[in-house]
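Just so it is clear, none of the values below were taken in a lab; they were calculated from the coordinates. Since the model is a prediction, treat every value here as computed from it, not as a measurement. Counting neighbours? That spans all protein chains shown, and the Cβs are built from the backbone with ideal geometry, glycine included.
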């Protein structure tokens, strides 16, 4: 018996190997094996099997070394092939990611952790709304069926308590649960929470912060078919699991489930497909569910449950403040209204805590010379440099991480630094402003610069939870799922910042962020306040009181259905990248011409737009162009995109499904 294989190291040609008699009953297409290559060993995926060679080889055919000790999962190959077809990539992409578990063959095997005997933890008393969800899901967990269930639970309503019950029932049934969260920092928090509240359950995190030893221990547990709880952002949904019983997605509305690197896999969508393939329940929870998920309730028989009451505390009072740009001189700082300043002072006086939210890190958006108008820009990307002031005055690119010290004179007109305007507002500057206004307050920052340092961020969260920090100033990281019992005030510094971005869902995503951050207030108190500052008024500000969120969704959905935007249609785009501007422009035009011809020839109802320069058209000295696609029929869209022949272009091409 012979096989053709593809190496997981992305070598793009089939290789031939012979299968010894002892392995012939276990080898079939889709199986991972180990093969010899020159003087080393490589992981490979079997692509085809043959009883004999089609022709006499001109080289020596070597024997395979044998199948990889892979956790059993009867549906895994079907699942991987399905998502590979959807994203127009090879299944090798997913298998290659999984083999990171097996990276170091010299290390000792880590035994699976000891199984825990199921014991009943301390009794949790659910509300009637929570109990109704658990009662509905119970038979679907005992006798698994595909049951997509959307939980719209207001902030602080106790969705986590429902998740705990689902997890406990699955583990009791010897089933494994995957729980996806939109950020690693949030996953770490839930890992800590579950290890405290569900100590009888074996749980693992699987993400960039887990150690190689933890990953090997998880792999051993999967091979042993233990019932587990696995938490993470993207990778858990790719694991082979023989006893998968349910999938939970918290903060299901978040864009964090879409991977930032190509291919931009949407882990939430993949999780839904996996639940359907494995015929198991999937539970999606959020205080601000996506309009697409609400549309699925109406059109795809998803079950919707609402938790309308907070588990403890009361909803905050929401106040909108429009900053008077003409009267800025009457304020101590342009960005801080008198209302917000007084509210923070009252909060500190009563030994309470405040969160200040601004979705922009750094000190200022850009630095401009007043004398000549020169703006400091990144030499490698089409973006201005952001000023950071923590360690001196440093100009930094948030796309390629290029850095330079802020010069003392303008490079164009030699004007002194005193002529530099520092425009916009970032979290670093906000920290400085509040330290100046409240010099005795204990103030910390939470943005990508700080939360990427996992240990530092974990310490900050613990200190804030314990009341050792008075004011936490941060970006959207602090909007996601955190429970800070001492917070009675939330201030939003620039609420309309993202409303004018050229994306169809700008209003939806901005409102979701505002409701989520507002929901950090008053979770354990009867009185709390949210002050939303904006430069311009907008209709979404009347919906920040989260009891009105579904009214906004209904109006927004009606508009999208009329103008054909998701969920009324399917969007995608092709991204072309090349170092040469001329080559990427030529390839982009050739690509759209070819695709338009394909649409006509095959009678495909797809609208094409472009080629267009994205807002940031050069990153790390690579030019970027986009071609956009819009179609009501996903079949038409997919048919068109899978006919792109990437070998016809000098540019790198990436297909992205929105």
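Just a few scattered comments:
- Label sites at residue 146 and residue 403, each approximated as a point 7 angstrom past Cα along Cα to Cβ, lie 4.9 nm apart.
- Residue separation of residue 127 and residue 51 scaled by 0.36 nm, minus their Cα-Cα distance, works out to 21.1 nm of gained length.
- Counting neighbouring Cβ atoms within 10 Å and putting the fewest first, the residues 179, 596, 238 line up as 596, 238, 179.
- Counting only DSSP beta bridges with both residues in the chain, the antiparallel share comes to about 50 percent.
- Multiplying the residue separation of residue 321 and residue 197 by 0.36 nm and subtracting their alpha-carbon distance yields 40.6 nm.
- A Förster radius of 60 Å combined with the Cβ-Cβ distance from residue 554 to residue 371 puts the calculated FRET efficiency at roughly 0.70.
- Treating r as the C-beta distance of residue 609 and residue 61 and R0 as 60 Å, the FRET efficiency rounds to 0.75.
- Footprinting exposure proxy ranking of 655, 622, fewest other C-beta atoms within 10 angstrom first, gives 622, 655.
- Crossing angle, helix 338-349 versus the chain [Cα axis fit, 0-90 degrees, rounded to tens]: 80 degrees
- Extending 7 Å from the Cα toward the beta-carbon at both residue 417 and residue 332 defines two label points whose distance is 2.6 nm.
- Residue 34 versus residue 301: modelled label distance in nm, points set 7 Å from Cα along the beta carbon direction: 4.7 nm
- Residue separation of residue 463 and residue 537 scaled by 0.36 nm, minus their Cα-Cα distance, works out to 23.1 nm of gained length.
- Normalised contact order of the chain, rounded percent, pairs of Cα under 8 Å and 6 or more residues apart: 12 percent
- Cβ-based exposure ranking for 636, 128, in which fewest neighbours within 10 Å come first: 128, 636
- Taking 13 Å as the cut-off, the amide N atoms of the stretch 619-637 that come nearer than this to a point 7 Å along the Cα-to-beta-carbon line of residue 602 belong to 634-637.
- Size descriptors for the stretch 2-68 (Cα atoms only): Rg and Dmax, in that order, 11.0, 29 Å.
- Over the residues of the chain, the helix contribution to mean residue ellipticity at 222 nm works out to -9000 deg cm²/dmol, using -39500 (n - 2.57) for each DSSP H run of at least 4.
- On Cα atoms only, tilt of 581-602 relative to the major axis of the chain in degrees: 60 degrees
- A P(r) calculated from all alpha carbon pairs of the stretch 365-423, with 10 Å bins opening at zero, reads 26, 57, 17 percent.
- Percentage relative contact order, the stretch 570-657, counting C-alpha pairs under 8 Å, at least six apart: 47 percent
- Relative contact order for the stretch 447-541: 32 percent, from Cα pairs under 8 Å spaced at least 6 residues apart, divided by residue count.
- When the P(r) is computed for the chain, the part past 40 Å accounts for 38% of the Cα-Cα pairs.
- Only beta bridges with both residues in the stretch 128-307 are counted; by DSSP, about 5 percent of them are antiparallel.
- Degrees between helix 76-87 axis and first principal axis of the chain (Cα, 0 to 90, nearest 10): 60 degrees
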